[in-house]
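Taking it in order: structure first as C-alpha cells, then the write-up.
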2 protein chains.
Amino acid sequence: MDKISLVFLGTGNAIPTEKRNHTGILASFAQENILFDCGEGMQRQLRFAKISPTKITRIFITHWHGDHMLGLPGLFQTLAMSNYSKALHLYGPKGTRRFIQLIQELLMHININIQVHEISSPGTVLETSQFKINAGEMSHGTAALAYSLELKEKVHLKKPAIKKLKLPNSPLLGDLQRGKDIIWKGKKIKAKAVTYKEPGKKVTIVLDTSFNQEAIQLAEDSDLLIAEATFSSQDAEKAREYQHLTSSDAANIAKKSKSKKLIITHISQRYEHIPHIIEKEAKKIFKNTKIAKDLDKIII
Amino acid sequence: MDKISLVFLGTGNAIPTEKRNHTGILASFAQENILFDCGEGMQRQLRFAKISPTKITRIFITHWHGDHMLGLPGLFQTLAMSNYSKALHLYGPKGTRRFIQLIQELLMHININIQVHEISSPGTVLETSQFKINAGEMSHGTAALAYSLELKEKVHLKKPAIKKLKLPNSPLLGDLQRGKDIIWKGKKIKAKAVTYKEPGKKVTIVLDTSFNQEAIQLAEDSDLLIAEATFSSQDAEKAREYQHLTSSDAANIAKKSKSKKLIITHISQRYEHIPHIIEKEAKKIFKNTKIAKDLDKIII
C-alpha cells in the first residue's frame, strides 16, 4: 500500500530557537520527495535528518516571507555543487518568478535548472496518474497558499479470481481496472467482481494564515492535517493582528474539515518551554492532535 | 586591559555538516560586537551561543559567496522584528551595495537602517580612537577581502608618580599621555617617566583565498591569525583549483607574518571525521595552531 512519509524539518516560526528551526516539511512517496517551504537552515536540517538534498523532486512555497523561503538560496547552491541534474520544479503564489530571479542574482546565477510554476489561481496545480496537489488561497497579508497532497485511489485485480477465469495478460485486464465490464469466452465479467479498491491518502498543509473557510474546504477528509498554530488561543488577538492561526483555530479546521489527525507546527518562540499548552488547547476541540518537534517523522 | 573575545559561530565550508555551520566569527571588545561573515543559519548559531543578535554593531563580509553571506537576510529580519534601532554598519568588497539591495528586495524592504560601506581599495577601512580595521585584497575569483582588527596601544599615567608630584586633574595630564613633556612648578616632567604603555592587540581574519603575499602583510605581528584551510595539504591541487588555502598555506601565512597563534577554520566536509590531519599538517610548520570547532570561544 502506498504511504506518504513526512519529515518535519523545522517547526518554529519567524525567529528560530534552539529547538525549532524555520519551517520545512518533506513529503515522500513513490518517486517523489516534495519539500513544502524552505526556511533558513534547511540544507543543514536535511543533513541532521540524514536525507540527501538531491532527492528533492519539487518544492512548494506557501508564501514569500523569509522564514518560509530563506533556505532556498543555500539549498540551490548545494544542489548545484552536488551536480543536481534533474529539473527542480518550484511552485508558489504570485510573485514566485520574481523572487527566484532575485535569488539567482544573489547567487550570481547558479547552474541548476529551476522550473518555476507561479500559481495564479487556486485549484489543482499538479496532477499525475498517481497524485494530485491542490492549492487554496489563504489570508496572510501577502499572496499565500495552502496545499493538499492526494495519493489517488488505486484499483487492483483480485489475483485468485483472474487466475480462476484463466484471463490472460491483455488490455482486458486494464479495462477491468478502469471499471469496465468485459466479455471473455462469451461470458460477461463484471469489473466490480474481480477488482478491489485501495483508498487514496490525503495530507493537507495549512501554514501562515488567518482562520478561513478555504482552509476547511481544502483540508476536507484529510488523513492528516498539518496546520500552523503560531499562537495559543489565549493570544487570539495577536494571532488576528499578525494573521496567524491559534491552537483552537487549527483544531477547528481539523474538526470542520473532518480530518482524521492534526499535527501542529510553526510554534512561536514565546511557547519554547510550554508547547504543551498549545497541544492541550487544540485537543479540547480536536482530540487526535499532536504538536510537531524538529525532525519528527510520521508515515500516513 | 582590553581584550578581544572571539566566538566561532560557524567553521564549515560551502556545504554545512552536522558539526559545522557556514562561516561566522564574532569579535567583541569595548562597545563593539563585530560579525565577520554571516553564512546561512547564523541567527540560530547566535541563539546556540546565547548571544543576542541585537548586540551586533557592525558586519564585515569577506566576499559574496553564499556560504559567507546567506545568513544576512534572516539576521536582518530578526533585527527588524527585535526593533533594532541602531544604524547597522555593513562593510564588504566591491558589489556589496548591489547585494544588500537584492536582499532588501527579497525581504520586501525591511525596517532597519543598514549603512553600507563598499570597500573599493585595501588599507584602513575603519578607524576610531580605540581600534582600527584594515582590509587586504585576496584572490578567490571574485572580489574578496581579508581583515585585520587592531586595538590600539594605550598610554596610562603612573598614578603614584602623579600623586607624588601633586599634579592636578588638568589638560597637562593629557599632554603627558600623548607623550609630551611638561613644565610643572618650574620643573620639567618627562612624559616617559610618569606614563606606561599597554600594548595593542591584533587579530587577523583571512578567509577564502589562494595563498598570497598580501595576506602575510595584513597579518604581520598578529596576536591571533584566523585562517581558512578548506583543504589538507595533500589536496593542494584542489585548493589551487578552487582558490583556497591548504593547512600548510595557513601555517605559512602565520609563520611568515610572525603571528603568535593560528586558529584554522572553514574546513571542508571531506574532513568531517578527520579534522586532526589538518591540524597536524599545520603544526609541522607553525606549532601554535588549533583547529576551530563551532561555538568555540577564545579571548585574546
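Scoring A:219-225, B:18-24, B:116-122 by mean Cβ neighbours within 10 Å over their residues and listing the highest first yields B:18-24, A:219-225, B:116-122. Roughly what % of DSSP beta bridges within the stretch A:12-81 run antiparallel, to the nearest 5? Antiparallel: roughly 60 percent of the beta bridges in the stretch A:12-81. Could you sort out which of A:Lys19/A:Lys290; A:Lys154/A:Lys287; A:Lys94/A:Lys152 sit more than 25 Å apart by Cα distance in this structure? In this structure, A:Lys154/A:Lys287; A:Lys94/A:Lys152 lie more than 25 Å apart at Cα. Dipole size of the stretch B:155-195 about its Cα centre, with +1 on Lys/Arg Cβ and -1 on Asp/Glu Cβ: approximately 200 debye, rounded to the nearest 20. With distances taken between every two different alpha-carbon atoms, the protein assembly as shown has a Kirkwood hydrodynamic radius of 27.2 Å. The lysines whose alpha-carbon is closer than 22 Å to the alpha-carbon of A:Lys185, local same-chain residues fewer than 8 away aside, are A:Lys158, A:Lys159, A:Lys163, A:Lys164, A:Lys166.
Mean residue ellipticity, 222 nm, helices only, chain A: the sum of -39500 (n - 2.57) across DSSP H runs of n ≥ 4, divided by residue count and rounded to 500, is -7000 deg cm²/dmol. Rolling a 1.4 Å probe across all protein chains gives B:Phe286 an accessible area of roughly 30 Å².
Using only the alpha carbons of the stretch B:155-195, what is the convex hull's orientation-averaged projected area in square nanometres?
Directional mean of the projected Cα hull area for the stretch B:155-195 stands at 2.4 nm².
Net length available on complete extension from B:Lys86 to B:Asn113 is 9.0 nm, with 0.36 nm assigned per residue and the Cα-Cα distance removed.
Given their separation in residues at 0.36 nm each and the Cα-Cα distance between them, B:Lys3 and B:Lys159 gain 53.9 nm when the chain is fully extended.
In terms of its Cα atoms, the stretch A:173-227 spans 61, 16, 14 Å along the principal axes, sorted from long to short.
Taking a ≥ b ≥ c as the square roots of the eigenvalues of the Cα gyration tensor of the stretch B:200-300, is the shape rounded (a/c under 1.5), prolate (a/b larger than b/c) or oblate? Oblate. For the chain pair A and B, buried accessible area totals roughly 3300 Å², probe 1.4 Å, rounded to the nearest 100. Residues of the stretch A:66-98 that bury at least 40 Å² of accessible area when the other protein chains are present, relative to the chain alone (probe 1.4 Å, heavy atoms, ligands and nucleic acids excluded): A:Leu70, A:Gln77, A:Met81. For a straight C-alpha distance cut-off of 20 angstrom, the aspartates and glutamates reachable from B:Lys188 (same-chain residues fewer than eight places away being disregarded) are B:Asp175.
State the volume of the convex hull built on the alpha-carbon positions of chain B, expressed per residue in Å³ and rounded to an integer. Show your work: numbers first, answer last.
Values: hull volume 44.0 nm³, N = 300.
Given the Cα convex hull of chain B, per-residue volume reads 147 Å³.
Count the DSSP beta bridges whose two residues both fall in the protein assembly as shown, then state the antiparallel fraction as a percent rounded to the nearest 5.
60
Here nothing in chain B passes the span test, since no DSSP H helix has an alpha carbon length of 20 Å or more along the helix axis and a Kyte-Doolittle mean of 0.5 or above. Spatial offset of the stretch A:237-300 relative to the stretch A:108-158 amounts to 23 Å, using the alpha carbon center of each. Pairs with C-alpha atoms separated by more than 21 Å, drawn from the list A:Lys86/A:Lys202; B:Lys261/B:Lys293; A:Lys50/A:Lys293, are A:Lys86/A:Lys202. On the protein assembly as shown, 49 percent of the accessible area sits on carbon and sulfur atoms, based on a 1.4 Å probe.
Sort the following peptides by mean Cβ neighbour count (other Cβ atoms within 10 Å, averaged over residues), highest first: A:40-52, B:181-193.
Result, highest mean Cβ count within 10 Å first: A:40-52, B:181-193.
For the protein assembly as shown, a crude dipole built from +1 on the beta carbon of Lys and Arg and -1 on the beta carbon of Asp and Glu, taken about the Cα centre, is about 1720 debye to the nearest 20.
Based on every Cα atom in the stretch A:1-99, Rg and the maximum pairwise Cα distance Dmax equal 12.9, 40 Å. The mean count of C-beta atoms from other chains within 10 Å of the C-beta of residues in A:7-16, rounded to a whole number, is 2.
The values are calculated or read from the model by the stated rules, or taken from the named source; none is laboratory data. This structure is a prediction, so every number in the text was calculated from the model and none was measured. Every residue, glycine among them, receives a Cβ derived from its backbone with ideal geometry; neighbour counts consider all protein chains shown. Quick note on the areas: whole protein, heavy atoms, side chains included, nothing else; ligands and nucleic acids left out. Shrake-Rupley method; radii C 1.70, N 1.55, O 1.52, S 1.80 Å.
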